[in-house]
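Peer 1: First the structure, which I've put down as structure tokens, then a few questions once you've had a look.
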Amino acid sequence: MSVMRIGNFQISRITTTGERAPNALPTEEQFRELKANGKCLFIGTLAARSGTRWLCDIVKSHDRAYAVTERDKMPESFWRYVKYNELPIDTDGIIRLLKGRIAADWLENDSTLVFSPYFSHGFLELYHALEPDKVLFGFAEPEFVVQSIYNKGMFEEDYSRRNFDLALGYQPEFADRWSHYFGRVVPRGEYYQTWQDLTRIGKIAWWVNRINMDICRQIQDIPEDRIVLFDLSAADQNYEYYLGLAKLLDLSPILAKNKFLSLKTLTVKDSDNVKHQWTDAEKSEFDLHIQEWKRVYGELAPKAALIGSLQT
């Protein structure tokens, strides 16, 4: 709980368990000092629904290691909105917040993994600002991801938009869900009307394709030895994969197999992944709009699977 005084009034605010209020975070200078003293940082991003909450539970199960995903939804989703739409808005405050959060993690841990789907755009900027030891790109089998996002209700709302060339403006349906609004980027320009006429599966397929391909284009400029590919399809309850990942992230002590296998039950809901009967239109739109990412996924998945061959 944080406390603030204004005149004779005292205002209390509950913060996330174990987290400091933003105004009580370590400074950027402390961030640099801790990093210079050997603290490790891993940052990661993804489109969505790729097992990263489970991955964070795995990392946190090791001594002096912390991991978190979507820690500050509002500023992180706003980051994606600004970077995706290429808006002339200064985002240095968000970087300062991230550095403060990371430094706070380091006060009690030797390493921290910070994951957020909202880092997908402007990821290179974050890479240069935070100088992580490794970056993680999380992904999963395309049809699984699209169905899982569909089950979460994405793109159920109709958008109000008159000028397709401008960034999407205020939407009454998202008045109390700003992170959803900022995070669910949509096309600009003439293609927007075509996209609007798609089924929800088609819209989501376009979205997953666009997010993943934008990430891929950015990580091409990051040294290959800094990149860790986390494929949920390969990692799912795969103890050998975990052993290889633990080596890459310098995690210890190694979890027993039964402990590792039990962690998935903390985050996974079977209802998230139930497949509905796709219509012919949904199947056709999925195949059309996911094809670029599906091809690249076919190239990346075997590379990600190699993590399981590493020895501890």
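Peer 1: Can you confirm whether the stretch 71-93 contains a residue that is of a type in the set (A, V, I, L, M) and under 17 Å from F42 (Cβ atoms)?
Peer 2: Checked against the condition, which is being of a type in the set (A, V, I, L, M) and under 17 Å from F42 (Cβ atoms), the stretch 71-93 yields no hits at all.
Yes or no, residue by residue, for (1) without any contact (Cβ under 8 Å) to a residue 60 or more places away in the chain; (2) assigned to a helix (DSSP H, G or I):
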site	(1), (2)
I204	yes, yes
R210	yes, yes
Y242	no, yes
L251	no, no
S262	yes, yes
W293	no, yes
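Peer 1: Name the single residue that is surrounded by the most Cβ atoms within 10 Å (Cβ to Cβ) among those in the stretch 236-274 being farther than 22 Å from L306 by Cβ and among the aliphatic types (A, V, I, L, M).
Peer 2: Filtering first and then ranking leaves L263.
Peer 1: Take the stretch 123-173 and flag every residue that is more than 30 Å from E28 (Cα to Cα), part of a helix (DSSP H, G or I) and not aliphatic (A, V, I, L, M).
Peer 2: Answer for the stretch 123-173, where residues must be more than 30 Å from E28 (Cα to Cα), part of a helix (DSSP H, G or I) and not aliphatic (A, V, I, L, M): P142, E143, F144, Q147, S148, Y150, N151, P172, E173.
Peer 1: Restricting attention to the stretch 67-99, which residues are under 25 Å from P26 (Cβ atoms), in a loop (DSSP other than H, G, I, E, B) and of a type in the set (D, E)?
Peer 2: Within the stretch 67-99, E70, D72, D90 meet the criteria.
Peer 1: Let me ask something else. Please state which one of I227, I215 is in contact with a strand residue (DSSP E or B) (Cβ under 8 Å, 6 or more places away or on another chain), touching a residue at least 40 places away in the same chain (Cβ under 8 Å) and buried (at least 17 other Cβ atoms within 10 Å of the Cβ).
Peer 2: I215
Peer 1: Next question, about the same structure. Looking at Q277, Q220, can you tell me which residue is polar (S, T, N, Q), over 20 Å from the mean Cα position of the chain (by Cα) and surrounded by fewer than 14 Cβ atoms within 10 Å (Cβ to Cβ)?
Peer 2: Every option except Q277 fails the conditions.
Peer 1: Turning to a different aspect of this structure: Go through the stretch 184-226 and report how many residues are aromatic (F, W, Y) and under 16 Å from T45 (Cα atoms).
Peer 2: So the answer is 1.
Peer 1: Quick one: which residue in A205, A175, A140, A167 is of a type in the set (G, A, S), closer than 25 Å to H276 by Cβ and out of contact with any Phe, Trp or Tyr (no Cβ under 7 Å at 6 or more places or on another chain)?
Peer 2: After ruling out the rest, the residue left standing is A140.
Taken together, the values in this text are just the output of simple stated rules run on the coordinates, not laboratory data. Everything numeric here is computed off the predicted structure, so don't read it as measured data. For neighbour counting, all protein chains shown are included, and Cβ atoms are generated from backbone atoms with ideal geometry for every residue, glycine included.
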